[in-house]
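S.K.: What follows is a single structure, and I will ask about it in a moment.
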Amino acid sequence: MFDKIDHIGIAVSDLKKMISLYRDSFGLEFKGTEVVDEQKVEVAFFPVGESKIELLEPTDPEGPVGKFIAKKGEGVHHLSFRVTDIEGKLKQLKEQGVALIDETPRYGAGGARIAFLHPKSTGGVLIELCER
Ligand code: CMX
């Protein structure tokens, strides 16, 4: 079903400060930032092995990450699994009774096609499927 962990998304309220932590203190390679209007976030990328850390700062308090920080504070926001045939995977998961947030994929950071599963059916973890 899933090939590998594509990235871990972490909600932050001060992207500049957290970029400095991950780049300067943790010594990770900083690959730049991107504003993803559709998700109302600015994302900073840090490859780690085969996966990435994505720091997510809300660009709008009413977006999903803005609401998350207001409710729960900063922290791990989602886990993204790399897949092939994202439509087929969504169909299989739906048939197995998993609640989908996205019935069809949309576009995320880096031009990836992404779709989310609802945390109510995944043990409280927001899971993203990601096809590149
Ligand atoms: N992880 C775990 N649980 C979460 C969550 C998260 N990231 N975000 C919200 N929830 C939980 C809430 O705690 C709440 O639980 P309770 O009902 O037990 O209180 C429930 O989900 C509903 O949350 P809400 O605050 O009322 O918010 P909404 O229902 O409006 O939205 C969600 C929740 C998950 C459907 C929405 O955030 C969403 O569609 N997320 C997908 C898109 C996204 O997160 N994009 C940002 C990153 C994009 C990128 O990587 O580029």
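S.K.: Over the chain, what is the mean sequence separation of C-alpha contacts under 8 Å (at least six apart), divided by residue count, expressed as relative contact order in percent?
M.R.: Normalised by residue count, the contact order of the chain is 26 percent.
S.K.: Report in % the part of the accessible area of the chain that belongs to carbon and sulfur, leaving out ligands and nucleic acids; probe 1.4 Å.
M.R.: With neighbouring chains kept in place, the figure for the chain is 52 percent.
S.K.: Per DSSP H run of at least 4 residues, take -39500 (n - 2.57); add these up for the chain, divide by its residues and hand me the 222 nm value, nearest 500 deg cm²/dmol.
M.R.: -5000 deg cm²/dmol
S.K.: Still on this structure: Say each of Lys31 and Ser13 gets a label point 7 Å from the Cα, pointing the same way as Cα to Cβ; how far apart are those two points in nm?
M.R.: Output for this residue pair reads 2.9 nm.
S.K.: Using the C-alpha atoms of the chain, what convex hull volume per residue, in cubic angstrom, is computed?
M.R.: Cα convex hull per residue, to the nearest whole number: 103 Å³.
S.K.: I've got another one for you. What FRET efficiency comes out for Glu87 versus Glu62 if R0 is 30 angstrom and r is the Cβ-Cβ distance? Round to the nearest 0.05.
M.R.: Once the sixth-power term is evaluated, E becomes 0.55.
S.K.: Among DSSP beta bridges lying fully in the stretch 4-131, give the percent that are antiparallel, nearest 5.
M.R.: 75 percent
S.K.: What are the GluC sites (Glu not before Pro) within the stretch 16-72 that DSSP puts in a loop, where the Cβ has at most 13 other Cβ atoms within 10 Å?
M.R.: Here the GluC sites (Glu not before Pro) that fit, given the DSSP loop and packing criteria, are Glu29, Glu50, Glu62.
S.K.: With a point put 7 Å past each Cα toward its Cβ, work out how far Thr122 is from Phe2 in nm, to one decimal.
M.R.: It works out to 0.7 nm between the two label points.
S.K.: Further, regarding this structure: From the Cα gyration tensor of the stretch 1-77, with a ≥ b ≥ c the square roots of its eigenvalues, which class applies: rounded if a/c is under 1.5, or else prolate if a/b is larger than b/c, or else oblate?
M.R.: Here the stretch 1-77 falls in the oblate category.
S.K.: Follow-up question, since we're still on this one. Given a Förster distance of 30 angstrom, what is the FRET efficiency for Lys72 paired with Glu95, based on the Cβ-Cβ distance and rounded to 0.05?
M.R.: 0.45
The values are calculated or read from the model by the stated rules, or taken from the named source; none is laboratory data. As the structure is a prediction and not an experimental result, all values here were calculated from the model. Cβ: placed from backbone, ideal geometry, glycine included. Neighbour counts: every protein chain shown. Side chains are part of the model used for accessible areas, which takes the heavy atoms of the whole protein and leaves out ligands, DNA and RNA. Shrake-Rupley method; radii C 1.70, N 1.55, O 1.52, S 1.80 Å.
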